[in-house]
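Taking it in order: structure first as structure tokens, then the write-up.
The values are calculated or read from the model by the stated rules, or taken from the named source; none is laboratory data. Since the structure is predicted, the reported quantities are computational estimates derived from the model, not experimental observations. Quick reminder, even Gly has a Cβ in these numbers, built from the backbone with ideal geometry, and neighbours come from all protein chains shown.
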Amino acid sequence: MGFRKDFLWGGAIAAHQAEGAWDVDGKGISIADVMTAGDNVTKTPRRITRGVLEGEDYPNHLGIDFYHHYKEDIALFAEMGFKAFRTSIAWTRIYPNGDDETPNEAGLKFYDDMFDECRKYGIEPVITLSHFEMPYHLADKYNGFMDRRCIDFFVRYAKTCFERYKGKVKYWMTFNEINNQAEFVKMGAHHLVQEGAVLVKEGDDIEKMMYTSAHHELLASALAVKACHEIDPAAKIGCMIGMNGVYPATSNPEDVLNAQKAMQQKYYYVEVHVRGHYASGMLKKFERKGYDFILPGDNEILAEGKVDYIGFSYYMSFATKYTGRFGDTFDFSEEDYVRNTYLKASDWGWQIDPVGLRWCLNWFNDRFELPMMIVENGFGAYDKRLEDGTVDDQYRIDYLKAHIKAMRDAVNYDGVDLLGYTMWAPIDIVSASTGEYDKRYGFIYVDYNNAHEGDMSRSRKKSFYWYKKVCETNGEEL
Ligand code: BG6
């Protein structure tokens, strides 16, 4: 009973939310570098600007300056007993424009040094190749993954990484939360830009664009998986899915079917990654809509690029009620979500559901029977620093404790094969959805806020000591 002996306890961040140094050592502009700051209090959403504009606030330009602080930060992770550290490589450090012929040596060297620093403490780097970080030039010039040439650019970048970090990185993932874009109807342009880095114009058929660019991403992912297996057979490469299970709001069969349809629409990506082909329901949908983006040869590529494990993030669950809007097709849109009255929510409205994590682990396990890694799970909150400099973040401990218990039950009682757990995020960083500093997830407090006040110094919160115990006891003591 319990977690495997080599269970990978750790934490996860992403390059663009932490590194800062956005234009240092030859780095190019990424999609994240043209996203402005938002604010949860005033309900100001992030905006995407055409290029970097004077006078705008771009929080990812500074991040938490992990680029210059990584030694200090990794030492703190080691103090907690981390066995793994998940982050991403900023594509634009390696290929600043995305379509460059040769990689940028200074960018490659940064990750060499950072991975060495992890290994010094016996910490396994778990690396995402693309975490909402496509080179802006590719979005601007090629309209991102709408253009098949971006598949080649991504594969070139991936191969460069596999060759350079062979032996240093054992766990890879291709595209972070590739399936987020499935909720295109309401989130539309914003999410298309984040995932497929496609810039949407007035009048565009965004549904068709989403499925097309997602298909090209899936091809790019499959080709990268194949290349990884060839270049470094000892490495494991997975997909990364944003998993938030969708429940029916009631036992009305139409709500139940609607929830099932929502799951199919949001998670068809997993089937493609794991089984190497589309589910028949999705092919039927494409046929019905007259989409013809699957070209001869594509199915062979997908079949040859099956992943070794499923990486996923889990923060919350959703519930849906059927409105009849889409008739017999049961197509699903974000507007079909309803509040789940059984659950409490964070200050950002994210519904807290630890049992849902066990449900999701079972959902994956029943279908795919692959090892899994929970590569993100955490609680964003407004933390208050006390006079003595500490933070009493018991709410974060409570959230994580309940979720770790749920995953332990999935291992002990449901037979789930779990490789590791890298919580999000061990250190305060810039929020992806809102661009805020004040939405904090960390065990480590970073002295910096939305108003750009603070000296970026790091300090330990109460949860730091709690998680240290969790790592030390392999999840026995929560
Ligand atoms: C995931 C992303 O969706 O959620 C992360 O992979 C992100 O990049 C995390 O930071 C938490 O979301 P947010 O918006 O609170 O930062």
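Residues considered: 454, 435, 442, 380. Of these, the only one that is without any contact (Cβ under 8 Å) to a residue 60 or more places away in the chain, within 26 Å of residue 88 (Cα to Cα) and under 18 Å from the mean Cα position of the chain (by Cα) is 442.
Evaluating residue 176 against the criteria (1) modelled with pLDDT under 85; (2) surrounded by 22 or more Cβ atoms within 10 Å (Cβ to Cβ) leaves one unmet condition, (1). In the stretch 300-332, of all residues being within 21 Å of the chain's Cα centre (by Cα) and of a type in the set (S, T, N, Q), the one that is farthest from residue 270 (Cα to Cα) corresponds to 317.
Restricting the stretch 420-470 to residues that are assigned to a helix (DSSP H, G or I) and under 14 Å from residue 384 (Cα atoms) leaves a set whose member that is farthest from the ligand (Cβ to nearest atom) is 462.
Taking the listed residues 20, 55, the one that is at pLDDT 95 or above, part of a loop (DSSP other than H, G, I, E, B) and over 29 Å from residue 156 (Cα atoms) is 55, with no other qualifying. Would you call residue 412 over 24 Å from the mean Cα position of the chain (by Cα), under 20 Å from residue 354 (Cβ atoms) and in a loop (DSSP other than H, G, I, E, B)? For residue 412, the condition - over 24 Å from the mean Cα position of the chain (by Cα), under 20 Å from residue 354 (Cβ atoms) and in a loop (DSSP other than H, G, I, E, B) - is not met. Exactly one residue out of 361, 386, 400, 357 is within 16 Å of the ligand (Cβ to nearest atom), on the phi < 0 side of the Ramachandran plot and without any contact (Cβ under 8 Å) to a residue 60 or more places away in the chain, and it is 357.
Got at least one residue in the stretch 227-235 being part of a helix (DSSP H, G or I), within 16 Å of the ligand (Cβ to nearest atom) and buried (at least 23 other Cβ atoms within 10 Å of the Cβ)?
Looking through the stretch 227-235, none of the residues is part of a helix (DSSP H, G or I), within 16 Å of the ligand (Cβ to nearest atom) and buried (at least 23 other Cβ atoms within 10 Å of the Cβ).
Restricted to the stretch 364-383, and to residues there that are more than 11 Å from residue 314 (Cβ to Cβ) and in a loop (DSSP other than H, G, I, E, B), the residue that is nearest to the ligand (Cβ to nearest atom) is 380. Could you please let me know if residue 65 is free of Cβ contacts under 8 Å to residues at least 60 places away in the same chain, away from the ligand (no atom under 16 Å from the Cβ) and either charged (D, E, K, R) or farther than 28 Å from residue 467 by Cα (or both)? No, not satisfied.
Of the residues contained in the stretch 7-21, one or more are found to be surrounded by fewer than 21 Cβ atoms within 10 Å (Cβ to Cβ), within 24 Å of residue 455 (Cα to Cα) and touching a residue at least 12 places away in the same chain (Cβ under 8 Å). Any residue in the stretch 258-273 that is farther than 30 Å from residue 419 by Cβ and loosely packed, with under 15 Cβ neighbours inside 10 Å? The answer is no; no qualifying residue exists.
Is there a residue in the stretch 316-327 that is assigned to a loop (DSSP other than H, G, I, E, B), in contact with a Phe, Trp or Tyr (Cβ under 7 Å, 6 or more places away or on another chain) and on the phi < 0 side of the Ramachandran plot?
So far as the stretch 316-327 goes, yes, one or more of its residues are assigned to a loop (DSSP other than H, G, I, E, B), in contact with a Phe, Trp or Tyr (Cβ under 7 Å, 6 or more places away or on another chain) and on the phi < 0 side of the Ramachandran plot.
Residues being of a type outside the set (Gly, Ala, Ser), in a loop (DSSP other than H, G, I, E, B) and either farther than 15 Å from residue 48 by Cβ or at pLDDT below 95 (or both) are entirely absent from the stretch 154-161.
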